[in-house]
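> This is the structure, below, for whatever I ask next.
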Amino acid sequence: MGLLNRYAETLTGLGSFVLPEPLKDMQVGLFNTQLANELALPDDLMQPQTMLDWLYSPVTPLTQHAFAQKYGGHQFGQWNPELGDGRGLLLAETTDSQGHPQDLHLKGAGPTPYSRHADGRAVLRSTLREYIGGEALHSLGIPSSRSLCLFTSSDTVYRERPETGAMMIRTAPSHIRFGHFEYYFYSSQTDNLQSLLDFTIEHHFPECKEALNPYASLLKAVVSRTARLVALWQTHGFVHGVMNTDNMSIHGITFDYGPYAFLDTYESEAVFNHSDHQGRYAFNQQPGIALWNLNALAHAFSGHCSIDEIKAALSTFESTFITQYQHLMLSRMGLEESEQEPSLALMQSWLQILETQSQDYTYNFRQLALADINNIQCPFRDTFVDREKLDAWWETYRELRLAKQGQSQLLSLNPAVIPRTHLLQQAIALAEKDDFSLAEALLEAASTPFDTKWDIHPFSKPPASTSHTSLSCSS
Ligand code: AMP
Ligand code: MG
């Protein structure tokens, strides 16, 4: 199958053609054969070595239309028009097994007109975190960009310390961000905004064309997808870490992984990004920030939608989020939605017990799924400090937990393995010595997170320390 370049060809004025600049001695570190099989890639690209070779020449299907997109974004609440692909390039487009478009995007490709004096590079640490994170979220059923290929190199890239330079190719339905619309709106590039809106609807939201106002329909779709995404993040204890509007995909997928983390110990106010001094992107702030970001996006629609249409679209966020979140949480706990009040109260008190007793989030949900509900006493009570409190909770839980909801269903909603920060750090340390064995093992586990074989594997255990690691934004 041939590759397409519709964004670069249709929206040529919305970015710059830039050739990738390969690093020294690039080698294939990881290749996602399963994902490659799901894409309509040219046969040659089924070989990662060819993929790599094609990046070195200016006249291959991966490089001849390589394009850096221009966008802006609200970063920590401040408008920044100076953004764009400073180190990423849209190489080409393909389709997935359902015939939906999928971009091939190279991260760490070298400088572009939007690099702002930075080096245009990415390091192995951050590309490996993104690679595993994307596949892990996908396997949990959380929409995400996906990871196709990771290349290492012998080049040193300087961050807080000298690090190994790397690149990765990821896929996503498109790389159109909230910040794209914001940029063309705030810079009064009316024609470009119009072209971008029409392109987005035509190629990515064709169902909106039928609506009375397709632009209002598009906004509503983005609100709804974003609300669902954040409900999934909250359910799984995922913290994105840097929800700037340039890191928000209009498809409602997890995108532009930076200092992300899954909660270990349940701490509702946990902040992982060490530059986030105000806690703007704390775990429990994510729903509010998503709505803030949607408000920023909605401004860019103000020439195309009435105030009432914008208000109507934004007003669906809260109810969509709450409905989804409650549904997902009650399902994870095997609780009946028709018994909503007692079930929700039980869910809240569970979270409170986890938080006040500094208990691991994912591990204890999994224990709940594994537990034999016929036990009078909570089978995993030993790790809790205030056992009486847990016992009292367990008694009510047993009563409410649906007998009909089989254990296998609960096990398929509560992962045994997530890519915990300490595991990622161990995998990175080895990969920096050219040993990808732990990265591959973690990837396998994170790609089959519900499999009971992991319950006896160290990957499923919480880290020894309950205090969490702050993560650098540098990548
Ligand atoms: P990020 O923090 O990765 O979401 O990036 C924010 C903005 O900075 C985007 O416009 C990136 O393209 C740009 N950027 C980040 N790191 C680099 C880098 N090393 N070189 C050039 N641009 C970068
Ligand atoms: Mg970004």
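> Examine the range 247-262 for a residue that is closer than 19 Å to Thr421 by Cα, more than 16 Å from ligand 2 (Cβ to nearest atom) and not in a helix (DSSP H, G or I), and state whether such a residue exists.
At the first step, the residues of the range 247-262 found to be closer than 19 Å to Thr421 by Cα are 254-262.
Within this subset, residues satisfying the condition of being more than 16 Å from ligand 2 (Cβ to nearest atom) are 261-262.
Narrowing further to those that are not in a helix (DSSP H, G or I): 261-262.
Yes; the residues of the range 247-262 include at least one that is closer than 19 Å to Thr421 by Cα, more than 16 Å from ligand 2 (Cβ to nearest atom) and not in a helix (DSSP H, G or I).
> With respect to Glu355, is the statement that it is open to solvent by 10 Å² or more (accessible area, probe 1.4 Å) and at pLDDT 95 or above true? Before you say what the answer is, go through the steps one by one.
Numbers: open to solvent by 10 Å² or more (accessible area, probe 1.4 Å): yes; at pLDDT 95 or above: yes.
So Glu355 fits the description; yes.
> Please go through (1) open to solvent by less than 20 Å² (accessible area, probe 1.4 Å); (2) more than 26 Å from Phe199 (Cα to Cα); (3) of a type in the set (Ser, Thr, Tyr) for Thr156 and return the number of the only condition it doesn't satisfy.
For Thr156, the failing item is (1).
> Can you pull out the residues in the range 374-402 that are buried (at least 16 other Cβ atoms within 10 Å of the Cβ), outside any helix (DSSP H, G or I) and hydrophobic (A, V, I, L, M, F, W, C)?
Residues satisfying the conditions are Cys378, Phe380, Phe384, Leu402.
> Could you please tell me which pairs satisfy a Cβ distance under 8 Å, a separation of 6+ or placement on different chains, a first residue in the range 246-270 that is farther than 19 Å from Arg170 by Cα and not assigned by TED's automatic domain parsing to the domain that holds Gln75, and a second residue that is among the acidic types (Asp, Glu) and surrounded by fewer than 23 Cβ atoms within 10 Å (Cβ to Cβ)?
Asp264/Asp360; Thr265/Asp360; Tyr266/Glu355; Tyr266/Asp360; Glu267/Glu355; Ser268/Glu355
> List the number of the failed condition for Trp394; all other conditions in (1) free of Cβ contacts under 8 Å to residues at least 12 places away in the same chain; (2) touching a Lys or Arg at 6+ places or on another chain (Cβ under 8 Å) hold.
Going through (1) free of Cβ contacts under 8 Å to residues at least 12 places away in the same chain; (2) touching a Lys or Arg at 6+ places or on another chain (Cβ under 8 Å) one by one, Trp394 breaks only (1).
> Another one. I'd like to check something: does the range 403-420 contain any residue that is in a helix (DSSP H, G or I) and among the β-branched types (Val, Ile, Thr)? Don't jump to the end; show me each part of the working.
If we filter the range 403-420 for residues that are in a helix (DSSP H, G or I), which is where we start, we get 407-411.
Filter once more, so that each one left must be among the β-branched types (Val, Ile, Thr): none.
No: zero hits.
> Looking only at the range 178-220, which residues are open to solvent by less than 40 Å² (accessible area, probe 1.4 Å), under 25 Å from Asp85 (Cα atoms) and hydrophobic (A, V, I, L, M, F, W, C)?
Once the filter is applied, which keeps residues that are open to solvent by less than 40 Å² (accessible area, probe 1.4 Å), under 25 Å from Asp85 (Cα atoms) and hydrophobic (A, V, I, L, M, F, W, C), the range 178-220 yields Phe178, Phe181, Leu193, Leu196, Leu197, Phe199, Ile201, Phe205, Leu218, Leu219.
> Could you please give the count of residues in the range 80-102 that are within 15 Å of ligand 2 (Cβ to nearest atom) and either farther than 19 Å from Leu11 by Cβ or charged (D, E, K, R) (or both)?
4
> Counting only residues that are assigned to a loop (DSSP other than H, G, I, E, B) and open to solvent by 50 Å² or more (accessible area, probe 1.4 Å), how many does the range 278-296 have?
Residues of the range 278-296 assigned to a loop (DSSP other than H, G, I, E, B): 278-282.
Then drop every residue that is not open to solvent by 50 Å² or more (accessible area, probe 1.4 Å), which leaves 278, 280.
Number satisfying all stated conditions: 2.
> Here is a list of conditions, (1) at pLDDT 95 or above; (2) open to solvent by 50 Å² or more (accessible area, probe 1.4 Å); (3) more than 17 Å from Val222 (Cβ to Cβ), and His299 meets all of them except one; can you say which number that is?
(3)
> Going by the conditions given, is Val239 surrounded by 23 or more Cβ atoms within 10 Å (Cβ to Cβ) and under 27 Å from His468 (Cα atoms)? Outline the logic, then answer.
Values: surrounded by 23 or more Cβ atoms within 10 Å (Cβ to Cβ): yes; under 27 Å from His468 (Cα atoms): yes.
Judged against the criteria, Val239 is a match.
> Here is a list of conditions, (1) open to solvent by 10 Å² or more (accessible area, probe 1.4 Å); (2) part of a helix (DSSP H, G or I), and Thr226 meets all of them except one; can you say which number that is?
(1) is the only condition that Thr226 fails.
> Moving to a separate point now. List every residue pair whose Cβ atoms lie under 9 Å apart, where the two residues are 6 or more positions apart in sequence or sit on different chains, the first residue falls within the range 299-315 and is closer than 20 Å to Tyr184 by Cα, and the second residue, located anywhere, is among the charged types (D, E, K, R).
His299/Glu182; Ala300/Glu182; Phe301/Glu309
The values are calculated or read from the model by the stated rules, or taken from the named source; none is laboratory data. Predicted, not measured: the structure shown is a model, and the values here were computed from it. Virtual Cβ from ideal backbone geometry, glycine too; neighbours counted across all protein chains shown. In case anyone asks, the SASA skips ligands and DNA or RNA and just uses the protein heavy atoms, side chains included. Shrake-Rupley method; radii C 1.70, N 1.55, O 1.52, S 1.80 Å.
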